[in-house]
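Shown next, in structure tokens, is the structure this report addresses.
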Amino acid sequence: MKKEDLYSAMGDINESYVGLAHSPQKSPRPVWVKLLTAAACLCLVAVAVFTVPDIIAGFAPEDIGDPYANTVAYAGWSDDKTIYENALNKESLQSGKGKKLPVLKIDTLEELEQFKTEYGSIFNMEYGFSGALSFEGAIKKAQWDREDFYTEHSLLVIYLPASSSAYRYGVQEVKVKDSSICVCVEQKNDPEAVTADMAGWFILVSVEDEEIKNYTALDAVLN
């Protein structure tokens, strides 16, 4: 072939083929890489599903063995005064000093069932809210619905009414002084947007019978 014929043949080549030849070619990702990526994403989703609701609710599974293990459950709003009238710190509530919260004490599994029966028509016991556990769910998760728990422990139930369901609460500390014990509750979040709906929460605190028997006064306050 003459060089003139070669040049002529090269001139007939489609320019798009030339550009394709110069562009870098990506080799396809191995199938195992894609599978590992998908598995990692599924693990992240699973962790979020099982842990985020607990964080929102203020519940930490590792706290179960603590002297004052505690969690928060959604109670719903009610202006019924029964829980205030039956509170162990009734006199403290009437004193008007600080933001006092009503406290009840459950000593046996039978008393737990009585509590659910008496207050089941006043507060929400079965349904959670926006990631927060229900009363039933919190009790079951902490295993406070077992007879053996009440052989050495009691359960404090504190009701906290809130002006918005956007607020979340938790136990700040448990103060012990002389013959009294006080559960200090604090707001855990600072939402940018606040809803105008009323809400209510149960602050649940486990206490050892051997310790609580030395205290004659129980109280709770929102700091």
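Averaging Cα coordinates gives a centre for the range 96-137 and one for the range 165-207; these two points are 14 Å apart.
Considering only GLY137, LEU160, ALA217, the residue lying farthest towards the positive end of the dipole of the range 58-222 is LEU160, judged by Cα position with unit charges set on Cβ.
The label point for GLU147 and the one for LYS90, both projected 7 Å from the Cα toward the Cβ, are 3.2 nm apart. Would you please classify the overall shape of the range 58-222 from the alpha carbon gyration tensor, given that a ≥ b ≥ c denote the square roots of the eigenvalues, rounded means a/c under 1.5, and beyond that prolate means a/b larger than b/c while oblate covers the rest? Judged from the Cα gyration tensor, the range 58-222 comes out rounded (a/c under 1.5).
On the basis of the beta-carbon distance and an R0 of 41 Å, TYR127 and VAL176 show a calculated FRET efficiency of 0.75. Between amide H atoms placed 1.01 Å from N, distances below 5 Å from TRP77 occur with GLY200, all of them 5 or more places distant or on a separate chain. For the range 158-168, the Karplus equation 6.51 cos²θ - 1.76 cosθ + 1.60, evaluated at θ = phi - 60°, returns couplings of 10, 9, 10, x, 10, 7, 7, 6, 6, 7, 10 Hz by residue, with Gly and Pro reported as x. Ranking SER206, GLY120, ASN89 by how far each Cα lies toward the positive end of the dipole of the range 58-222 (charges on Cβ) leaves ASN89 at the top.
The numbers here are math on the coordinates, done by the rules we state, and not lab data. Small disclaimer: the values here were computed from a predicted structure and weren't measured. Every residue, glycine as well, gets a Cβ built from its backbone with ideal geometry; the counts of neighbours run over all protein chains shown.
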